[in-house]
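Asks: This is the structure I have questions about; it appears just below.
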């Protein structure tokens, strides 16, 4: 969760990208994921296994992440060539000195939200005073929810330990969730749950966002093109990508679970603007939300934070 | 003066089991008001005899009786509790078994007898070896013992302090008429103090010789240079 | 000189990776009220846990002294308390105790317990055999021997264990707060989580420094108490 000591010792960020100058043979690229191997990254694995990256002259090594994975920091210190992040994280970190640029989102709709039992509130507005929500305290999403719903002093944010067990044991429990994980896991354990979408409440950063260091490497366009093709293939036929995920992550090695997740995430991936789209309106909306939350200095815009590479 | 009883060991044996005795067939008697010296080579069991006399150990065979109560024991080292002042160390005996009301007076009395009235509030770490030993003595005396048991009490002191303390203990024993059993490895000391010297020897150990010391009382450490005492000492030595 | 190296390194790295000493100091000043309130809460948890640990260790060591069978039977459990990672126990504690101060107090106590038990154990058995004989001679009961001899003799050892235990108690409290705190009242663990997740690295560092300061403060307090209580009769001569 707190990565600086490790990364601070690893050296200073470099002006030039970590990729070598063009030469015969594929360009080696490391891609850092910001969570464990799960269907939310399915297209990237499909990209490697389905030869999409190879076709564009890239040899991609996927580095799995986990809780608090510092992918943008790894990008900044040259530990990774490509980072998976999210639009909100990117905008905040840019203001903190990380020179990164957003290139391509796998998720049109933010996969973040809150998980409640069926017997619980039907919308975020229905959360009663005195409710306890298990969530990453201090995160932009947490701050957003509290600010927009006036929950300060009325709803408590407690640290989220990732323990679905505690949630399952308590009918009144409310916790943060990603559509790609907790809802399916809970249903698999027999619970009837409801996922309250962050995007419905106005929290909609682009998710599983590909980011490069600034200035972007010469192969950035090829990478984005290959990624787009790979995700198109994955959406149509997820089995190959999922097989790799099941191999790498024993928690995912269950037919029903992985099918549930792949199906649940599909509408979030494609959204209404279509796979991989990015608009100025969406980016600027995110920037202004962050300004409201005082997570970035007043007047910050998304200009220069993202670019279309296709 | 003290009206005490004789301390009697009757056929005493001591060991882990009756078959493995370190002391055996021990018969001794310390008459009331008398001093008996117990001498022998290192490790032969002298301290064990003293602990049997004190009731710290129970005999495996035979009986130990008499000697009077309370019993006072002076160890080889002062064994003061470092967190207690001199006065508090002396008072310890009374805290555990003695009248509360008289405590302060008896402590002051005991300290006076050993010449440490001014040191009452000092902590043990501030005391010299001789002073600490005196505190140990005062502690022994504060309970108004009938039986005084001494385990080589002067062996850790330098020669000069040893002389001083020998004199003081002699004087106290004579004044208070304490029934006394003194364990020592120093033949001169044994001759100086005792009315009778018992030599402990053998394996298992037993009384190998009983030597009366008919030197007149009162005695003083100065007599250590006395030919008569030296003679007695040589006799003891021969018997060891 | 350490500050110089730190400041220099910080200029070459993004603030979110390594804030400089000036940023951290700024963080402390700007957020001093929150930091003070948070320190107070964590202090309460640490001291509460320490108290529990001291009492439990004292009882445990005394029981072990009294009965060898009890010692043999219970020692494995004492060891278990030491070896199970707090991060794993903490969620269970939240289920039993709810969110808030109790969880951090218990985790602080758990971490501080074993060093205190060990030093109490050692201390109670450290009495000079001659002193034990002395008390036996006076016919002192087991309890009297415990109170008048073993306990005072154990103090130097207990203080030694306490010096270690206070730092551990603070760590234990903070870890407990990582899992079971609500932010109201503010506490250092929650603040670390919150500031880190908000990418406010200067505040995160500031909180960590304050936490270390708390541990050091408690350590100094133990030292001072040690000097007052056993100083007169224990340790190097002045």
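Only the coordinates and a few stated rules stand behind these numbers; no lab work does. Since we're looking at a predicted model, the values are computed, not measured. Ideal geometry is used to build each Cβ from the backbone, glycine not excepted, and the neighbour counts take in all protein chains shown.
Asks: What fraction, in whole percent, of alpha-carbon pairs in the stretch C:24-229 exceed 29 Å separation?
Replies: 34
Asks: Taking chain A as the reference, fit the longest principal axis to its C-alpha atoms, fit the long axis of helix A:239-248 to the helix C-alpha atoms, and give the angle between the two in degrees, 0 to 90, nearest 10.
Replies: On a 0 to 90 degree scale, this one is about 80.
Asks: Kindly express, to the nearest 10 degrees and within the range 0 to 90, the angle between helix A:140-149's C-alpha long axis and the longest C-alpha principal axis of chain A.
Replies: 40
Asks: Rank C:50, C:124, C:116 by mean-square fluctuation in a GNM of chain C with C-alpha springs under 10 angstrom and give only the top-ranked residue.
Replies: For chain C, modelled as a Gaussian network with Cα springs under 10 Å, the answer is C:124.
Asks: Additional query: Compute for chain B: radius of gyration divided by Kirkwood radius, i.e. Rg/Rh, restricted to C-alpha atoms, rounded to two decimals.
Replies: On the way: Rg = 17.6 Å, Rh = 18.2 Å.
My calculation puts Rg/Rh at 0.97.
Asks: If we restrict to alpha carbons, what Rg and Dmax does the protein assembly as shown come to, in Å?
Replies: Cα radius of gyration and Dmax of the protein assembly as shown are 40.8, 124 Å respectively.
Asks: What are the extents of the Cα atoms of the stretch A:112-201 along their three principal axes, in Å, largest first?
Replies: That works out to 33, 23, 22 Å along the principal axes.
Asks: When the helix-only estimate is applied to chain A (DSSP H runs of n ≥ 4, each -39,500 (n - 2.57), divided by the residue count), what is the mean residue ellipticity at 222 nm, nearest 500 deg cm²/dmol?
Replies: When only DSSP H runs of four or more count, the value is -10000 deg cm²/dmol.
Asks: Please give the calculated 222 nm ellipticity per residue for chain B, where each DSSP H segment of at least 4 residues contributes -39500 (n - 2.57) and the sum is spread over every residue; nearest 500 deg cm²/dmol?
Replies: The helix-only estimate for chain B comes to -10500 deg cm²/dmol at 222 nm.
Asks: Determine which residues of the stretch A:156-172 fall in the zone a paramagnetic label at residue A:129 would reach in this model, i.e. backbone nitrogen under 17 Å from the point 7 Å along Cα→Cβ.
Replies: Taking a point 7 Å out along Cα→Cβ of residue A:129, the residues of the stretch A:156-172 whose backbone N falls under 17 Å are A:156-157.
Asks: Follow-up question, since we're still on this one. Mind listing P(r) for the stretch A:81-153? All alpha-carbon pairs, 5 Å bins, whole percents.
Replies: The percentages, shortest bin first, are 3, 11, 21, 20, 16, 12, 9, 6, 2, 0.
Asks: Output the 0 to 90 degree angle, nearest 10, between the alpha-carbon long axis of helix A:220-236 and the longest principal axis computed from the alpha carbons of chain A.
Replies: The angle comes out at about 50 degrees.
Asks: Can you work out the FRET efficiency for the pair residue A:171 and residue C:209, with r the C-beta to C-beta distance and R0 = 30 Å, to the nearest 0.05?
Replies: Details: r = 42 Å, r/R0 = 1.40.
The value I calculate is 0.10.
Asks: Relative contact order for chain C using alpha-carbon pairs under 8 Å, separation at least 6, rounded to a whole percent? Don't jump to the answer; show the numbers that get you there.
Replies: Details: 320 pairs, mean separation 69.7, N = 238.
With pairs under 8 Å counted, the relative contact order is 29 percent.
Asks: Where is the GNM fluctuation largest for chain B (alpha-carbon springs, 10 angstrom cutoff): B:112, B:37, B:67?
Replies: B:112
Asks: On to the next question. The stretch C:109-147 to the stretch C:41-107: how many Å between their Cα centroids?
Replies: Answer, in whole Å: 21.
Asks: Give me the percent relative contact order of the stretch B:70-145, please, defined on Cα pairs under 8 angstrom at least 6 residues apart.
Replies: 52
Asks: State the percent of C-alpha pairs, over all pairs in the stretch B:70-145, separated by a distance greater than 18 angstrom.
Replies: 28
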